[in-house]
Amino acid sequence: MAKEIKELIADTFLAMAEGLETGSFGKKPRIALTGMGSEHGEENAMQAAVSAAKDGVDVVYIGSLKNDCVETVEVADDEAGHDKMDELLNEKKIDGAVTMHYPFPIGVSTVGRAVTPGLGKEMFIANTTGTSSTDRIEGMVKNAIYGIITAKACGYAVPTVGILNVDGARQTEKALKKLAANGYPIHFAESSRADGGCVMRGNDVLRGTPDILVTDSLTGNVLSKMLSSFTTGGSFEAQGFGYGPGIGENYEKLVMIVSRASGAPVVANALRFAGELVKGKVFEVAKEEFKLAKRAGLDEILSEIREANKPKESGEEVKEPPKEVVTAALFGIEVTDLDDAVRCLWKLGIYAESGMGCTGPIIRVSEANLEKSEAELKAKGYIS
């Protein structure tokens, strides 16, 4: 007991000293960073870790390099680093993590944060990686809510929402305005172009007209890359905060995505971004936003969207096989084919799950069923 009291007193005085030095009091967000795999070398990641640590983030560096400013967990390679990161997350030894790829489940996607060049304004891009839904319009509606959650956790009390002028924008606008009419508090941005409206043009992207720009993940990914590296020729992402946290209903694992091309400034900002989300209690914000949205009829609106976009001829009913551990992945599947490919395997009695890897959609199966699953999906034309 005496030893525990001494440690508590020591920790308290250390926290006070650090608070006086940095101006930031309270428990530091503890964020891990996987350092291996960057196109700019591991030193790039360590530089980012040290920079964020000086700004009050308790960085746990997972890699082979060491620095007095951060705690290092040594690993042999990138794969081992990811395993260690997952272990630390699952054991609640860290509050969140920044990494270069992660297999989010369908329904979870990342909200990026960019600095726009026109006026130097920050803008959240909803979304940038992952798949909120295999239905495009449903996905974009969910992206809007994910963006609102992220912005509010970062201190935006009343964030404005704009919808990028891409395929499905008007259907998304209609659904979101119905949600707003039912009582969900969405505050729509107004385009800077003469005709106004909440559908954003390219000019609005450059100006950062909305606080949150709603789009599909593939378009958002391209926008994020362009806004972060347009001054460098593309090989070095120098600006912004990366591709952001994975957000989804009942998803409570804070994993932030950066690119292999992300430079130290972006990786450092991603660590700070993670710290903001921890302090802003992002998962509590998410619960509240989903509660409000559901009260305004979100589930019914999404159901109507799915029904409207359902193929005219529905296929036979396929029963899900008993669940099993799925650690093997099949790549090269179109996102629009994911559900059909999963059902194709279910027909054979193979349990499968859809997800999103760093290079695109994946289907996960057990190691024992990998070879059989691959052969079946090739035979049916889902993969080549």
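Here, each number is a calculation from the coordinates, and none is a lab measurement. It should be emphasised that the depicted structure is a prediction, and the values quoted were computed from it without experimental measurement. Using ideal geometry, Cβ is built from the backbone for each residue, glycine included, and neighbour counts are taken over all protein chains shown.
Just to be sure I understand the rule: take each whole DSSP H helix in the chain, project its Cα atoms onto its long axis, keep it if the span is 24 Å or more and its mean Kyte-Doolittle hydropathy is at least -0.5. Which ones pass? Taking the DSSP H segments of the chain (at least 24 Å long, mean hydropathy at least -0.5), we get 2-22, 136-153. Can you pull a Stokes-Einstein diffusion coefficient for the range 105-230 at 20 °C (1.002 mPa s), Rh from Kirkwood over Cα pairs, as a whole number of µm²/s? This corresponds to a translational diffusion coefficient of 152 µm²/s.
Taking amide H atoms as placed 1.01 Å from N in the peptide plane, the amide H of S109 lies under 5 Å from those of I247, each 5 or more residues away in sequence or on another chain. Measuring nothing but how far apart in sequence close Cα pairs (under 8 Å, 6+ apart) lie, relative to its length, the chain scores a relative contact order of 18 percent.
The alpha carbons of the range 245-384 give a radius of gyration and a Dmax of 18.9, 51 Å, in that order.
With the simple model of a label 7 Å out from the Cα in the direction of the Cβ, V222 to V325 spans 4.1 nm.
So, counting K/R as plus one and D/E as minus one, what does the shell of residues with Cβ under 13 Å around A194 add up to? Around A194, the surrounding residues sum to -1. For the range 104-305, lysine pairs separated by 8 or more sequence positions, or belonging to different chains, with Cα-Cα distances below 20 Å total 29. Taking chymotrypsin sites (Phe, Trp or Tyr not before Pro) across the range 254-338, none is in a DSSP loop with at most 10 further Cβ atoms lying within 10 angstrom of its Cβ. Expressed to the nearest 5 percent, the antiparallel share of DSSP beta bridges inside the chain is 45 percent.
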